[in-house]
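Undergrad: Here's a structure for you.
The values are calculated or read from the model by the stated rules, or taken from the named source; none is laboratory data. All of these numbers come straight from a predicted model, not from anything done at the bench. Cβ sites come from the backbone with ideal geometry, for glycine too, and all protein chains shown count toward neighbours. Protein only, heavy atoms only, side chains kept; ligands, DNA and RNA dropped before computing areas. Shrake-Rupley method; radii C 1.70, N 1.55, O 1.52, S 1.80 Å.
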There are 2 protein chains.
Amino acid sequence: MPSSPPSARTRVKRIHDRASYDRDSLHAVLDAGMLCHVGYIFDGYPVVTPTLYWREGEAVYWHGSSASRAIRASEDIDVCLTVTHLDGLVLARSAFHHSANYRSAMIFGTARLLVDADEKMASLKAMMEGLSPGRWDELRPTTAQELKATRILSMSLDEASVKIRTGGPIDDEEDMGSDVWAGVAPFRLSMDPLQPDEIDRAGTPRPPRVSDRLFSPPR
Amino acid sequence: MPSSPPSARTRVKRIHDRASYDRDSLHAVLDAGMLCHVGYIFDGYPVVTPTLYWREGEAVYWHGSSASRAIRASEDIDVCLTVTHLDGLVLARSAFHHSANYRSAMIFGTARLLVDADEKMASLKAMMEGLSPGRWDELRPTTAQELKATRILSMSLDEASVKIRTGGPIDDEEDMGSDVWAGVAPFRLSMDPLQPDEIDRAGTPRPPRVSDRLFSPPR
């Protein structure tokens, strides 16, 4: 994939070797999650709202109720959408060099409201397919009223950067003789057994498939 | 603990029964994590930066290099610091009622730079104790130079709100006869085995204790 040059605000200022601007890295970080933090300015002060997101091609989407302040306030204004996966705690031989392993994407842009009903429906289907493949077709169709009550925002990935830290501690040379344990405590997001809703139903429905992409890969 | 009344910006606008303003809930959400997203305004646009945080009493702290743009830019200005734990995917009987289970805290305020060296050192120790109890005392002392190279910001918890969703799907009455599986796919953050740094050392150092509070409680 071609890389896009960093803009003034996506250029990572420090520790440049952790930064990346290529599309594959960006897609990989985004496709590994479902939770983002959207920042926008409301009444002159910054607000950071957690919400679900999904990616389609070169755009990222998020949605909410038509009554949501966060959704209404972030339409057609500058937004910063950040996704972070925390992969571990890096335990160094000095307090100073402790760190975290993570994968993070930061996207700047203007949020656009989807207005076309077909485009909205297709996007909601894409979201569901990304969470639970095959489920959309098992569910009853989404109604026109439900679609109307849902606002979907999208933003292009044109202005984005990725920052990734992996590996062990980077210690000062003079600390290498230390007898303190050093290394990484790796973190993992995984899924516990499904918890069915406690309602009597005729028969036992087929359990859903939850997308593997959401969980930490095996090490 | 006494609860503080919501301000204009912390008052949760929708689905009020998910909102809380009491200190115990706030402390519990903050103490269950180490990663936050800090939002601030830089050059007129919003920026959301992921970083580690820790809580001491009625304040939250985060830090970075003295060369960090995110740290320098967010001193003495309005900040929104958000912490979110993603606890599960809620699979409903219609696409519309799908949701996520989560615990989230949103804190508004002005970031204050710690300048007193003793206060900075005590705060770094508190951070380390929160991540790996007992480790601070095993490490060599932090030097004056390292302390100088570290900027620590703090912000009071005065203006904060908590939002929590738990439990199964809330479906429309007319969908309750659906034969689609409904319930919760619970997510969990856990720790894999420690990965020691690959350096020859005399003897095998005692492995660190990583704080349990960072991981999902048993269900």
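Undergrad: Mind jotting down the distance between the C-alpha centroids of region B:84-98 and region A:165-186, whole Å?
TA: Answer, in whole Å: 40.
Undergrad: Rank B:188, B:206, B:165 by mean-square fluctuation in a GNM of chain B with C-alpha springs under 10 angstrom and give only the top-ranked residue.
TA: B:206
Undergrad: Let me ask something additional. For region A:72-219, calculate the relative contact order in percent as a whole number, restricting contacts to Cα pairs under 8 Å that are 6 or more residues apart.
TA: It comes to 33 percent, rounded to a whole number.
Undergrad: Based on the alpha-carbon gyration tensor of the protein assembly as shown, what equivalent-ellipsoid semi-axes (square roots of 5 times the eigenvalues) come out, in whole Å, largest first?
TA: 37, 25, 22
Undergrad: Defining the label point at 7 Å along Cα→Cβ, can you sort the distances from residue B:24 to the same site in each other copy, shortest first, in nm?
TA: Relative to the other copies, residue B:24 has label-point distances of 5.2 nm.
Undergrad: Would you please give the residues with an amide H less than 5 Å from that of residue A:111, counting only those at least 5 places away or on a separate chain, with H modeled from the backbone geometry?
TA: A:76, A:77, A:79
Undergrad: Roughly how big is the B-A contact, given as buried accessible area in Å² (both sides, 1.4 Å probe, nearest 100)?
TA: In total, chains B and A hide about 7400 Å² from solvent.
Undergrad: If you don't mind, another one. Considering the options B:99, B:48, B:152, tell which one lies farthest towards the positive end of the dipole of chain B, charges being +1 on Lys and Arg and -1 on Asp and Glu at the Cβ, about the Cα centre.
TA: Comparing the listed Cα positions along the dipole, B:152 ranks first.
Undergrad: While we're here: Taking the Cα centre of chain A as origin, work out the dipole magnitude from +1 charges on Lys and Arg Cβ and -1 charges on Asp and Glu Cβ, in debye rounded to 20.
TA: 320 debye
Undergrad: Using a simple charge model, +1 on the beta-carbon of Lys and Arg, -1 on the beta-carbon of Asp and Glu, nothing else, what dipole does region B:110-219 show about its Cα centre, in debye to the nearest 20?
TA: 800 debye
Undergrad: Amide H to amide H, which residues 5 or more places from residue B:42 or on other chains are under 5 Å from it, using H placed in the peptide plane?
TA: Residues meeting the criterion, in which the H sits 1.01 Å from N, are B:47.
Undergrad: Percentage of Cα-Cα pair distances in region A:68-185 greater than 19 Å, rounded to whole percent?
TA: 66 percent
Undergrad: Say we join alpha carbon atoms closer than 10 Å with springs in a Gaussian network model of chain B; which of B:60, B:83, B:115 then has the biggest fluctuation?
TA: B:115
Undergrad: Taking each label point as 7 Å beyond Cα in the direction of the beta carbon, state the distances from residue A:196 to the same residue in the other copies, shortest first, in nm.
TA: 4.7
Undergrad: Still on this model: What does the charge dipole of the protein assembly as shown about its Cα centre add up to, to the nearest 20 debye, if the Cβ of each Lys and Arg holds +1 and the Cβ of each Asp and Glu holds -1?
TA: Rounded to the nearest 20 debye, it is 260 debye.
Undergrad: Just give me a number: lysine pairs in chain A, eight or more positions apart or cross-chain, with C-alpha atoms less than 30 Å apart.
TA: 4
Undergrad: Ignoring ligands, DNA and RNA, please state the percent of accessible area on the protein assembly as shown from carbon and sulfur, probe 1.4 Å.
TA: 53 percent
Undergrad: Also: Which of B:125, B:163, B:148 moves the most in a Gaussian network model of chain B with Cα springs under 10 Å?
TA: Among B:125, B:163, B:148, the largest mean-square fluctuation in the Gaussian network model of chain B belongs to B:148.
Undergrad: Within a 10 angstrom radius of each residue's Cβ in A:88-101, how many Cβ atoms of other chains show up on average? Whole number is fine.
TA: 6
Undergrad: Turning to a different aspect of this structure: Below 8 Å between Cα atoms, with a sequence gap of 6+, how large is the relative contact order for region B:78-133 in percent?
TA: 33 percent
Undergrad: Give the average, rounded to an integer, of partner chain Cβ atoms located within 10 angstrom of each Cβ in A:20-31.
TA: Across the residues of A:20-31, the mean count of other-chain Cβ atoms within 10 Å is 0.
Undergrad: I've got another one for you. For peptide A:123-132, how many partner chain Cβ atoms fall within 10 Å of a residue's Cβ, on average?
TA: What the average comes to for A:123-132 is 2.
Undergrad: Check each residue of region A:134-180 and keep those whose accessible area, probe 1.4 Å, is at least 40 Å² smaller with all protein chains in place than in the chain alone; give them in order of residue number.
TA: A:135, A:139, A:140, A:146, A:176, A:180
Undergrad: How far is residue A:58 from the same spot in each other copy, in nm, shortest first, if each label point sits 7 Å from Cα toward Cβ?
TA: Residue A:58 label point versus its equivalents elsewhere: 5.1 nm.
Undergrad: Still on this structure, I have one more. Per residue of region B:75-89, in order, report the coupling 6.51 cos²θ - 1.76 cosθ + 1.60 (Karplus, θ = phi - 60°) as ³J(HN,Hα) in whole Hz, putting x for Gly and Pro.
TA: Per-residue couplings from phi come out as 7, 6, 10, 5, 9, 10, 10, 10, 10, 9, 10, 8, 9, x, 9 Hz.
Undergrad: Non-local amide H neighbours of residue B:100 (under 5 Å, H modeled in plane, Pro and chain starts lacking H): which ones?
TA: Amide H to amide H, under 5 Å and 5 or more residues apart or across chains, residue B:100 pairs with B:90.
Undergrad: I'd like the FRET efficiency for residue A:7 and residue B:173, computed as 1/(1 + (r/R0)^6) with the beta carbon distance as r and R0 of 60 Å, rounded to 0.05.
TA: With a Förster radius of 60 Å, E is 0.75.
Undergrad: Once you put a point 7 Å from the Cα of residue B:118 and another 7 Å from the Cα of residue B:23, both along the Cβ direction, what distance in nm separates them?
TA: About 2.4 nm, to one decimal.
Undergrad: Leaving out ligands and nucleic acids, note down the accessible area per residue over chain A with a 1.4 angstrom probe, in whole Å².
TA: Here the per-residue accessible area is 45 Å².
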